Every structure is written in C-alpha cells, then in structure tokens.
Amino acid sequence: MPGHAADHSARLLAAVRQLRHALGAAVLPLEVPGVDVARATRAKLVDQLDDYVVPRLESLDAPLLAVVGGSTGAGKSTLVNSLIGREVTKPGVLRPTTRSPVLICHPGDTGWFSGPRVLPGLSRVTGEAGDVSSPGTVRLVSTEAVNPGLALLDAPDIDSVVAANRDLAAQLLAAADLWIFVTTAARYADAVPWDLLREASERGTSVAVVLDRVPGEALDEIRADLAGMLRDQGLADAPIFSVVESRLEDGLLPADQTERLRSWLRTLAGDAAARSAVVRQTLHGALESIDARAAVLASASAQQESAAETLLEAAHAAYDDALVEVRAGVQDGTLLRGEVLARWQEFVGTGEFFRQVESTVSRLRDRVTSFLRGEPAPSEHLGEALQTGVQALLSNRAELAASGTARAWRSLPGGAQLLSRDPTLARSSGDVGGRIERLVRDWQGDILEMVRDEGRDRRTTARIMAYGVNGLGVVLMLVTFASTAGITGAEVGIAGGTAVLGQKLLEAVFGDQAVRELARKARERLLDLVADVYAAERARFDAAVASAQVPAGQGAAIAAAAAAVKAAR
C-alpha cells in the first residue's frame, strides 16, 4: 500500500524533525558530573539526525552511501583507489593521511550528493586526488567506475592523532547506510575500532569488514579469530573480505584481491531490494537508538535543573540567614553599646541618674529637653552613633552572606564555574555601602514621620514640642533596640537603664501602648528595608544562575519528542 507507506514516512519524518528542534534548543551549560558525556551524546545525535536520518527519510530511494573507515595506516585510501581502478583519494606515508573526506559516485548520482541533502555541514569541492582540500569540505568525484545506486566515501582515520579528524570520522560513520570497516592482520584487535564496531552493533548499522594485509599462511586463522570477535559483538552477519598481503601495482592492489568486494558492491548497487534492506536495517537501528540517547539528555536536563535549584537555594539561605541575624541584632541590645552608650552618657551618666528614673519624668524634663533639642546638640551625636552601628551591622551581614554563598557554591556542581565567570560575587556589590547608608537615613525619616503622626492631638503635640521631634525620634530608635540579651557585664545594666529611661520618656509623651506599637513598627520598617537591599544583593546570584539555566521543560520536551518518534516508527 504505497499511500499508507508514504503517510507513515511523512509522520515519522515530522516526528524526527520535532525531536531535532527540541535538541537544537537544548543546552547543558552547567559543569555538573557527567555533563561532558551528555553534551557528546547530544552532538552525536544531532549530527546523525542532520547527516543521515532526516535526509534518508526525505529520500528513501536515494543512492546507498557506504563509508570506508578504519584505523591509521589500514589502507583505506589504497582500497578505495583499487576498487575504482585509479587514484581518486591520496594515500601517503605521512600520518594522518586522509584529512578531508572524498565521496565517489556515479555521474548520474552526483545530484544526490552535490547539495546539502547529506552532510550539510561540509562544503562540496571538486578536484584531483593530489589537490589540497580545506577543512570542513568533502571532495566529490564522479566516475562510471562506481555503479549507479551506491556511493563510496573515504573517511579520515578513526584513531587519528588530530582530534578534528577523529570527530569527523565518527560523524561520517553515523551518516552511513553501510560501514565498510578496514583493518589489518596486525591491528584487527585494537580497542578504538572495536569501540565503534560495538556502537554500530548497538545501533543496528549495516557493517562489512575488510581484513587487509593478511599473510597468506595465516589467513584462515586470523579470519576465524576476527569472525569470532564479530560474533561476540553481535555482528555475526557482517561479511568479511580478505586482502592477502600483496605488492602494489601502480599504487593499486592486484585486481584479484579486490574482486570479491567489488562484485559484492556491484550486486548491492544493482539490486534495489538489497539496497533497501541495508537502508532499512541502518535506519531502523538509528531510530531505535534515539530512545536511550534521548533518555540520557532528559536525565542530564533534570540534573542541570536540580543543580541550578541547589545553587539558588544556597544563595537564598545565606541571605535569609543574614536577615534573621539582623533581626536578632536589632532586638538583642548589641547596638546599645560602645559609641551609642558613650553618647547617651554625655547626658545621663551611669549612676545617680538611673536611681532617679523611677521619680517623675517632669523632674528631669529640662535636662532631657536640653539634651534632645540640641544644647549643645548631643542628640545629633547619639543619632549618628546609632546610624553608624546599624550600618555596620547591615554591611557586615551582607558581606557574610556573599562570602558564605560563594563558599557554598565552590562545593556545589556548577558553582565554581559561575564564580569564575564573575569573581565579584564572592563580595558584596561595590555600592552596597551607599545603599545601606541611604536605607538608614530613609528609616530615620520614617521614624520622624511616625512621631509626627502619633502627635496629632493637641495634648500630645504640646509634649512633642517640649522635647522636639528629632530628639524623640532618636530616643525611639534607641528604644527599638531595647533588649539586652546580646550584651554582657557592666554594659547590661547601662544599656538596660538606657532603654528604661528612653521608654519612660516616650511613654510620658505618647502612652505605654503607643510606645510599644511605635517600637514594633520602627523595627519592622527597618527589616523591610533591609530585606529589599539583601534581595537586590541576592539577585546577583540569581542572575548568575539564570545565565546558565536550561530552558524550562527542556527534558520533558526531549522525552516527549523521542516518544513521538518511537510511536511513529
């Protein structure tokens, strides 16, 4: 049923293209364990889809492409030249030899290979065997020595000392309908070619083996050993063509040594059913291999997402902890020490004055008023001391959060990579000091506004006028840091007395309930402002992670596209 077959091919091609689109959009940017393998898996799968699966599905009746591959010095180019009957690809004594691939086809088939239908990443060039080809090209040779329906491609060495040659060889093999593997009697058991043969077996690629340079007396023994190795790798059906060690004639192998392989290729080229069987086997194997490779990429995508989330959690935890520490710092009395106490004592002293606290506030109003209204402005000194203390606390915790996040990231997958991109992440941003200074000034302005708002009625307004808005604002700041849990020794009594005096003074103006509410609002307003600054600092880490995050749903998109290909097979 040709119509049914055409519909099936169209659905399969559409599914493969959707998978290719998902793979094209996929990224694995974070350096996590196993990412190199996943990246290589993606690159190889993309290459095979571009170079083989898509073009083959688009043109099922296109000529069969047989890639001749093998180890350095195995005689691939000499074999290809001998099959053609003249030099079309340059062998040589220098290693590596084949640098740019050479594709040989019948003149009537040139149209299939001259465009980007297969190997779209390689430019096409023409010329003689001795001409130097540029990297990234494939040289086309048309000759009637090749039967219509089949093309040969002489690939670079699979074990070349040049990494680009090795990568290109692997890419070309993945683009082949048929892999003609060339080895020698001395090197047929080498590890590198068997890694690729094993991969070919796992992917169902059609394989033929040429055993070159075999001593005549050892032919049967070596051939039997090679056949056993192929059988062990699931390649028992791969035909073996032996080439006895011979003297070259004008650079070519004796015709009788290549006749069996030449005849096999001629028959394959002329038999549409046989060609179709080879194509179906290799195409089916390539499609079946998608499942496992897509699973690797879906898992790698999930690993990337997990690593990014862990990095974000580390940064958020560090800045959350910093905010908790600031909350404790503004409640445990640690700010009511040092310079703050010294400035407070400029007026109140440490002994006799505290014993008078329980008496009426009016008895000390004149002295307090003088202090608060700036005669000679010690309230400004106290306000500056409080401001400096708060700024130091906030800056210190911001710095600890940044360095703590950097320390955690260095031990997490992908973290060191992001820190190397932006070493400034290990410290607070350069302008955080200025932003914190503005924050404290803004907070002080908010406190003055609270004092004004609280003094709306005439009676309270009169009291505020007696002490001064600025002075009461400074005392409210001091009362906000009232607890003494964080200090020890003589400072406890001093700071405690400071808080008691300040609170009593405010209670005399606003009432005890209003004072408690004012202190709570002042503290929460400060913490809200601090949270905004710390969020901006943390955003630097968020941005670093975002710059190396996989697109949302990447793994699911790959898995779904692979499942669609499987369903359409």
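How long is the gain from Arg247 to Asp422 if the chain were fully straight, where each residue apart is worth 0.36 nm and the alpha carbon distance is subtracted?
56.7 nm
Between beta-carbons, use under 12 Å as the cut-off and find the net charge around Leu219, counting Lys and Arg +1, Asp and Glu -1.
With Lys, Arg at +1 and Asp, Glu at -1, the net is -4.
For Arg11 and Ser299, what does the FRET efficiency come to when R0 = 25 Å and r is the distance between their Cβ atoms, rounded to the nearest 0.05?
Details: r = 27 Å, r/R0 = 1.08.
Result of the calculation: an efficiency of 0.40.
Report the charge-dipole magnitude of the range 4-103 in Debye, nearest 20, computed about the Cα centre from +1 at each Lys and Arg Cβ and -1 at each Asp and Glu Cβ. Mind showing how you got there, number by number?
Details: 12 positive and 9 negative charges, 59 e Å.
Around 280 debye, computed over the range 4-103.
For the range 128-272, I need the span (max minus min coordinate) of the C-alpha atoms along each principal axis, in Å, sorted largest to smallest.
41, 35, 32
For Leu60 and Ser547 in the same chain, what is the full-extension length gain: residue separation times 0.36 nm, less their Cα-Cα distance, in nm?
171.1 nm
With only Lys, Arg, Asp and Glu charged, each at its Cβ (+1 for the first two, -1 for the last two), find how big the charge dipole of the range 207-263 is about the Cα centre; round to the nearest 20 debye.
Dipole about the Cα centre, nearest 20: 160 debye.
Take Arg407 and His316, extend 7 Å from each Cα along the Cα→Cβ direction, and tell me the distance between the two endpoints in nm.
Modelled inter-label distance: 2.2 nm.
If R₀ is 25 angstrom, what is the calculated FRET efficiency for the pair Ala556 and Glu288, using the beta carbon separation as r and rounding to 0.05?
Efficiency, from the Cβ-Cβ distance: 0.70.
Can you give me the long-range amide H partners of Val244? Hydrogens built in the peptide plane at 1.01 Å from N, cutoff under 5 Å, separation of 5 or more residues or another chain.
When sequence neighbours closer than 5 places are left aside, the close amide H contacts are Val214.
Sum up the charges of everything whose Cβ sits under 13 Å from the Cβ of Ala145, counting Lys and Arg as +1 and Asp and Glu as -1, but leave Ala145 out. All intermediate terms of the calculation are to be shown ahead of the outcome.
Details: positive: Arg86, Arg262, Arg266; negative: Glu87, Asp109, Glu144.
Spelling it out: positives minus negatives among the neighbours equals 0.
Cα centroids of the range 1-52 and the range 183-221: how far apart, whole angstrom?
First find each Cα centre; the distance between them is then 29 Å.
What is the gain in length, in nm to one decimal, between Leu219 and Ala186 on full extension, counting 0.36 nm per residue of separation less the C-alpha to C-alpha distance?
10.7 nm
Take Val161, project a point 7 Å from its Cα along the Cβ direction, then tell me which residues of the range 172-201 have their backbone nitrogen under 20 Å from it.
Within reach of a label on Val161, which here means backbone N under 20 Å from a point 7 Å along Cα→Cβ, the range 172-201 contributes 187, 190-193.
Cβ under 14 Å from Ala300's Cβ, Ala300 left aside: what net charge do those residues give with Lys, Arg +1 and Asp, Glu -1?
Values: positive: Arg39, Arg42, Lys44, Arg293; negative: Glu31, Asp36, Glu305.
Value of the local net charge: +1.
Can you pull the accessible area of Ile180 for me, 1.4 Å probe, Å² to the nearest 10?
Accessible area of Ile180: about 0 Å².
Could you give the dipole magnitude of the range 285-332 about its Cα centre, charging the beta-carbon of Lys and Arg +1 and that of Asp and Glu -1, in debye to the nearest 20? Let's see the in-between values first.
Details: 2 positive and 9 negative charges, 34 e Å.
Roughly 160 debye for the range 285-332.
The values are calculated or read from the model by the stated rules, or taken from the named source; none is laboratory data. It should be emphasised that the depicted structure is a prediction, and the values quoted were computed from it without experimental measurement. Note: ideal-geometry Cβ built from the backbone for every residue, glycine included; neighbour counts use all protein chains shown. All accessible areas refer to the heavy atoms of the entire protein, side chains included, with ligands and DNA or RNA removed. Shrake-Rupley method; radii C 1.70, N 1.55, O 1.52, S 1.80 Å.
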